[in-house]
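Asker: Before I ask anything, let me first share the structure, which is written out below as structure tokens.
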Amino acid sequence: MKINGTPTRTIWPAADGQAVEIIDQTRLPHEFVTVRLETLADAAHAIKAMLVRGAPLIGATAAYGMALAAKANPSDLALTVSYNVLHSTRPTAINLKWALDEMIKTLGGIPESQRFALAWKRAAEIADEDVAINSAIGDNGAKLIADAWDKAKARGATHVNVLTHCNAGWLATVDWGTALAPVYKAHDAGIPVHVWVDETRPRNQGASLTARELNWHGVPHTVIADNTGGHLMQHGMVDLVIVGTDRTTRLGDVCNKIGTYLKALAAKDNNVPFYVALPSPTIDWTVADGVKEIPIEERDVTEQTHMTGKNADGAIVTVQVTPDGSPAGNWGFDVTPARLVTGLITERGVCPASPEGLATLFPEYA
């Protein structure tokens, strides 16, 4: 995607080939800051502290983290330790484990002297593959937006309304995004698309990240409070919902940012199509029941009790919004059962959220 006309990814190799650079997403939307990752510890911190976030980008960062670890110490023991360090950073997003497994598979049986070069090459491939996958998701999902636009036009509408939750745009991936890739493709094709952007408490990743990238790209959008979506659906102001997912089960349940389940319920009640966009590495073929089996990350409660923003003087400040002494809970994700999902948008096409639907697109895992 482009920032002020300049093509930009969320992670890229440094010019010296000895480190990677990332956009520090904790500084958005008001500041654009890049950070250099030189070590395993740097990569683990970037993931855990959410300088990078979003399942696909977490996976790509972890892959580069393994490469940086191999540069420092390519031994089998060191790689095992590095795997465990990175795997412990975020428990919910399955792309993390997938990328780490890819790196171990690539390096197994390779002489230690060759491991860094091979790890660096495989990490770059994982990043490039993510871009290609997300572009294909965009092509497949844009057809759904085009169909929705045809229906909206028929009733006299001037644009098609897409509602999304959290950030599943290019900032959550290496490029293009998952849920927003169809929006970008539709917008670039001339379809008048407007996006309702849930603010997405806690952390406000819709307001700070989704709105930021839509603004950069010139896509019309409106930031709304998290609880506004149901009202908009009741009044015919949402044509379809598209969200991302951090882990999808083999039965079609999807785990995404907390609050996604409530949007799916509102969509079901109002006959609004509810789609989930996902790259295939987000599918966990070992899990069946998402509610029972997917670990839900519980994060620092200060994400719930405090908010950071820009004051009238332009300074970035953090304020407490809850009373002293009031406890808080901060579950990061919830699970939307497959029965509430209209379809899954993947790089291979769109399918029902069911084992049969997934098997039609990914028969090698059936």
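Asker: Just one of (1) modelled with pLDDT under 95; (2) within 26 Å of A117 (Cβ to Cβ) trips up A69, so point out which.
Answerer: So the condition that A69 fails would be (1).
Asker: Also, I was wondering about something else. From G141, G169, grab the single residue that is in contact (Cβ under 8 Å) with a residue 12 or more places away in the chain, surrounded by 21 or more Cβ atoms within 10 Å (Cβ to Cβ) and under 15 Å from D239 (Cα atoms).
Answerer: Checking each option against the conditions leaves just G141.
Asker: From the list T260, T249, which one is closer than 20 Å to G141 by Cβ, among the hydroxyl-bearing types (S, T, Y), open to solvent by less than 30 Å² (accessible area, probe 1.4 Å) and at pLDDT 95 or above?
Answerer: T260
Asker: All but one of (1) among the aliphatic types (A, V, I, L, M); (2) free of Cβ contacts under 8 Å to residues at least 60 places away in the same chain; (3) open to solvent by less than 40 Å² (accessible area, probe 1.4 Å) hold for V291, so report the exception by its number.
Answerer: Tallying (1) among the aliphatic types (A, V, I, L, M); (2) free of Cβ contacts under 8 Å to residues at least 60 places away in the same chain; (3) open to solvent by less than 40 Å² (accessible area, probe 1.4 Å), V291 fails exactly one: (3).
This table checks each residue for (1) in contact with a Lys or Arg (Cβ under 8 Å, 6 or more places away or on another chain); (2) touching a residue at least 40 places away in the same chain (Cβ under 8 Å); (3) within 29 Å of G138 (Cα to Cα).
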{"site": "G5", "(1), (2), (3)": "no, no, yes"}
{"site": "P13", "(1), (2), (3)": "no, yes, yes"}
{"site": "D16", "(1), (2), (3)": "no, no, no"}
{"site": "E31", "(1), (2), (3)": "no, yes, yes"}
{"site": "L40", "(1), (2), (3)": "no, yes, no"}
{"site": "A44", "(1), (2), (3)": "no, yes, no"}
{"site": "A49", "(1), (2), (3)": "no, no, yes"}
{"site": "L57", "(1), (2), (3)": "no, yes, yes"}
{"site": "T80", "(1), (2), (3)": "no, no, no"}
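Asker: Which of the strands (runs of 3 or more DSSP E) found entirely inside the stretch 306-345 contain at least 2 residues meeting this: open to solvent by less than 40 Å² (accessible area, probe 1.4 Å)?
Answerer: 333-336
Asker: Give the residue that is nearest to T61 (Cα to Cα), with candidates limited to residues of the stretch 179-226 that are among the hydroxyl-bearing types (S, T, Y) and open to solvent by less than 10 Å² (accessible area, probe 1.4 Å).
Answerer: T210
Asker: Looking only at strands (runs of 3 or more DSSP E) that lie completely in the stretch 188-281, which have at least 1 residues being over 30 Å from H306 (Cβ atoms)?
Answerer: So the answer is 193-198, 240-243, 247-249, 274-277.
Asker: Just give me the residues in the stretch 273-301 being of a type in the set (A, V, I, L, M, F, W, C) and touching a Cys at 6+ places or on another chain (Cβ under 6 Å), in sequence order.
Answerer: Across the stretch 273-301, the qualifying residue is only I294.
Asker: Take the residues in the stretch 267-283 that are crowded, with 22+ Cβ neighbours inside 10 Å and small (G, A, S); name whichever of them is farthest from N95 (Cα to Cα).
Answerer: Looking at residues that are crowded, with 22+ Cβ neighbours inside 10 Å and small (G, A, S), I get A267.
Asker: Sort out which residues of the stretch 356-366 are part of a helix (DSSP H, G or I) and surrounded by fewer than 15 Cβ atoms within 10 Å (Cβ to Cβ), and write them in order of number.
Answerer: Within the stretch 356-366, E356, A359, T360, P363, E364, Y365 meet the criteria.
Asker: Still on this structure: Determine if the stretch 149-162 includes at least one residue that is in contact (Cβ under 8 Å) with a residue 24 or more places away in the chain, part of a helix (DSSP H, G or I), open to solvent by less than 40 Å² (accessible area, probe 1.4 Å) and more than 22 Å from T10 (Cβ to Cβ).
Answerer: yes
Asker: Follow-up. How many residues are more than 23 Å from W170 (Cα to Cα), among the hydrophobic types (A, V, I, L, M, F, W, C) and not in a loop (DSSP other than H, G, I, E, B) if we restrict to the stretch 282-293?
Answerer: Result for the stretch 282-293: 1.
The values are calculated or read from the model by the stated rules, or taken from the named source; none is laboratory data. None of these values were measured; they are calculated from a predicted model. Ideal geometry is used to build each Cβ from the backbone, glycine not excepted, and the neighbour counts take in all protein chains shown. These area figures cover heavy atoms from the full protein model, side chains too; ligands, DNA and RNA do not enter into them. Shrake-Rupley method; radii C 1.70, N 1.55, O 1.52, S 1.80 Å.
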